[in-house]
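Student: Encoded as structure tokens, here's the structure I'll be asking about.
What follows is calculated from the coordinates using simple rules that are stated; it is not laboratory data. Computed from a predicted model, the values in this text were never measured in an experiment. With ideal geometry, Cβ positions are generated from the backbone for all residues, glycine too; neighbour counts draw on all protein chains shown.
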Amino acid sequence: MIPRPPHAGIIAALDTGSPQRAEALAEALAPHVGCLKLGLEYFVANGPAAIARIAARAPIFLDLKFHDIPNTVAGAVRSACALRPAMLTIHAAGGPAMVEAARRAAEEAGPDRPAILAVTVLTSTDAATLASTGISGGPAQQVLRLARLALDAGADGLVCSPREVPMIRAAHGAGPLLVVPGIRPAGSAADDQSRIATPEETADAGADWLVIGRPITAAPDPAAAAAAIAGSLRR
Ligand code: C5P
């Protein structure tokens, strides 16, 4: 499994469907970040071979958020492991048997297996949305419930928002790998993110990896932007 970075590490989110753009960004960013995140937009458009080309340049966070019956998720994790990703995502809401099946399937890949990260409540989901699906009590309570479920069932870590890091660390200690999007360096545009924190704040709160997209990829010089954030984390 990918080692935990000594300071919070950077995962650059390559949110594009274009293989040319992803490969250019990967080449520019690989020296400055610990991992590159590719998601459904890229995978659905370009397939596994295009993932493998990026994986040749840097460790990959394959963010496909699996959620299905345990047997199907186990098969998807096995297929994904052929691409040798460093991290994979699943939905904790799939339940303990699904999370356990994902972990077992990942272990078949041996010591270089991907970290299995569970997504709890998507940040686009508010209390009203949760209530409409029959879940009362609000997002914070649901995040904690699903975090416990996922970690007890064998997830290596969680994807969570900056504001959730302290409560998850308080409940689960230093063990779980916490991977955190919604990061904005001071002075940069919030874009469509509503609950943001700076890289330094998020690292100090106890995040292991910071997922950063547009502040890097939309910068005039993405490599310089990534290098500047990495420098601010090593202070
Ligand atoms: O450009 P930006 O830094 O906002 O990109 C953040 C990345 O993290 C995107 O790939 C987004 O899909 C992902 N993400 C997020 N919030 C979550 C889960 C994932 O912003 N709760």
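Student: Do the sum for the chain: with -39,500 (n - 2.57) for every DSSP H run of n ≥ 4, divided by all residues, what is the mean residue ellipticity at 222 nm, to the nearest 500 deg cm²/dmol?
Tutor: Helix contribution divided over all residues of the chain: -13000 deg cm²/dmol.
Student: Find the relative contact order for the range 137-202 and round it to a whole percent, using C-alpha pairs within less than 8 Å whose residues are 6+ positions apart.
Tutor: 29 percent
Student: Given a Förster distance of 25 angstrom, what is the FRET efficiency for ASP191 paired with ALA170, based on the Cβ-Cβ distance and rounded to 0.05?
Tutor: Efficiency computed from Cβ-Cβ geometry: 0.30.
Student: Rounded, prolate or oblate: which fits the range 168-221, taking a ≥ b ≥ c as square roots of the Cα gyration tensor eigenvalues, rounded meaning a/c under 1.5, else prolate when a/b beats b/c?
Tutor: Here the range 168-221 falls in the prolate category.
Student: At a Förster radius of 30 Å, what calculated FRET efficiency corresponds to the Cβ-Cβ distance of ARG78 and ARG235, to the nearest 0.05?
Tutor: 0.15
Student: Arranged by the count of other C-beta atoms within 10 angstrom, fewest first, what order do THR133, THR217, THR202 take?
Tutor: Neighbour counts put them in this order, fewest first: THR133, THR217, THR202.
Student: First check a/c for the range 25-233, with a ≥ b ≥ c the square roots of the eigenvalues of its C-alpha gyration tensor; if it is under 1.5, answer rounded, and if not, answer prolate when a/b is larger than b/c or oblate otherwise.
Tutor: oblate
Student: So, in nm, how far is label ALA49 from label ARG4 when the simple model puts each one 7 Å beyond its Cα toward the Cβ?
Tutor: Modelled inter-label distance: 4.0 nm.
Student: What percent does the relative contact order of the chain come to when contacts are Cα pairs within less than 8 Å and at least six residues apart?
Tutor: Computed over the chain, the figure is 21 percent.
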